[in-house]
Each structure stands twice: as structure tokens, then as C-alpha cells.
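Participant: Handing you this structure, nothing more for now.
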């Protein structure tokens, strides 16, 4: 009986140590200066308050975590090709990609300046709601894929992303390629203007 107790205590201690070690293996930008510095580089383009420095750069603060992780993966594997992002993801270790997505997802979406009321929804925007949710905040799909938030995203980024999907320049989402190919450029423009105004 005593031997069983000793083995039981040892098993519990081993399990607790394994959990603590696993938690210590997750990179933390607040505790690891090099990793934290890598994330600070993101602010150069994406903004230190979540407001990107250029209109064609997407807002990533408060974006869907799984979507951000997929994009990091796609840049790393070159399934999505944006030179600076491919380089940036190469500076991250595989273990740093998920904590990077968590870091930006948990930040608040940047506040918008008060604008006039949003225009009526343009023709065709309902197709976006099927995947991106009624409020265009993004949603987890049946396949487990998370769609990004579109509401309040930069107009210039949205219209260019739609164009790139439509023309087959961006192919890291086959559904988006097919959907955007079927929407005329003028309608995509109206959709991007509407979504960015939300």
C-alpha cells in the first residue's frame, strides 16, 4: 500500500511538472525580450495603437486569432505572397506563431472617428455575411476555419484584397477566389466602401 502511495505521489508530481514545463515552452513576449522585440517590429507597419501606417495595410489588432494564425502560416509557406510579411514570419520560430496571433487578437480593434451613418448595404454584400457573420465581425465556419473581421477594415486594403482574389493573385482561400471572380469590380468597390464604414 505504501509503495502504491509513493508511486501515486510521484505520478502526480511528474504530471504537474510536465504541465509547468509545457506552459514554460510557450513563448511570452512580455517575458522574452527577443520575442517581444519581434512583435514591436509589427508596429512599424500595423501601428503601435492598431491603426496601420498606410491605408493598404490591414488592421490586425482585435482580428480573429485563428485567421491571424492561418495568415502567418500562409506567409511562412508562401501560400500567400507579400514580401515583407514572408520575411517577417521567417523571423518567428514555429513556436512563436500562435502566441503572435494571440497577442494581436486580444488587443482592442482601433476606435473609429465618428462618421456619418453608414450607407445602405450595397448589392452583393449579403454574400459576405454567409461566412463573415451578419455583423461582418468574422466567424468560425463548420470546417473550423475562422473568417476575418471585415467591419471597419481599411477600404484600400479590402478593395485590393478583393481584386487580388478575383484576379487569382491571392489564392490562399479557394472559396474567396471563386466568389470574388463572380463579382464585378464596381460592386467590389462599393462593398469595400460599405464594410470599411462599419
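Participant: Filter the stretch 176-190 down to residues that are in a helix (DSSP H, G or I) and without any contact (Cβ under 8 Å) to a residue 12 or more places away in the chain, then give me how many there are.
Facilitator: Summing the residues that are in a helix (DSSP H, G or I) and without any contact (Cβ under 8 Å) to a residue 12 or more places away in the chain in the stretch 176-190 gives 3.
Participant: Looking at (1) within 22 Å of residue 47 (Cβ to Cβ); (2) exposed (fewer than 12 other Cβ atoms within 10 Å of the Cβ), which is the only condition residue 120 fails?
Facilitator: Result: residue 120 fails condition (1) only.
Participant: To continue, here is another question. Looking at the stretch 163-170, can you tell me whether even one residue there is at pLDDT below 95, within 28 Å of residue 42 (Cα to Cα), in a helix (DSSP H, G or I) and not assigned by TED's automatic domain parsing to the domain that holds residue 37?
Facilitator: no
Participant: Let me ask something additional. Just to be sure I understand the filter: pairs with C-beta atoms under 6 Å, separated by 6 or more residues or on different chains, first member in the stretch 40-61 and in a helix (DSSP H, G or I), second member buried (at least 17 other Cβ atoms within 10 Å of the Cβ). Which pairs pass?
Facilitator: Listed pairs, sorted by first residue: 45/57; 46/52; 46/60.
Participant: Can you name the number of the only condition in (1) modelled with pLDDT under 95; (2) within 27 Å of residue 189 (Cα to Cα); (3) in a helix (DSSP H, G or I) that residue 90 fails?
Facilitator: (2)
Participant: So residue 132 clears everything in (1) within 22 Å of residue 169 (Cβ to Cβ); (2) crowded, with 18+ Cβ neighbours inside 10 Å; (3) outside the structural domain of residue 191 (by TED's automatic domain parsing) except one condition, right? Which one?
Facilitator: The one condition residue 132 does not meet is (3).
Participant: I'm trying to understand the selection: among the residues of the stretch 70-80, which are without any contact (Cβ under 8 Å) to a residue 60 or more places away in the chain and surrounded by fewer than 19 Cβ atoms within 10 Å (Cβ to Cβ)?
Facilitator: Those that are without any contact (Cβ under 8 Å) to a residue 60 or more places away in the chain and surrounded by fewer than 19 Cβ atoms within 10 Å (Cβ to Cβ): 73, 76, 77, 78.
Participant: A further question on this structure: Mind checking which residues of the stretch 77-87 are assigned to a helix (DSSP H, G or I) and farther than 19 Å from residue 148 by Cα?
Facilitator: 77, 83, 84, 86, 87, listed by residue number.
Participant: Sticking with this one: Against the definition (assigned to a loop (DSSP other than H, G, I, E, B) and either at pLDDT below 95 or on the phi > 0 side of the Ramachandran plot (or both)), how does residue 134 come out, yes or no?
Facilitator: yes
The values are calculated or read from the model by the stated rules, or taken from the named source; none is laboratory data. Please read these numbers as outputs of a predicted model, since none were measured by experiment. Cβ atoms come from the backbone with ideal geometry, glycine included; neighbour counts cover every protein chain shown.
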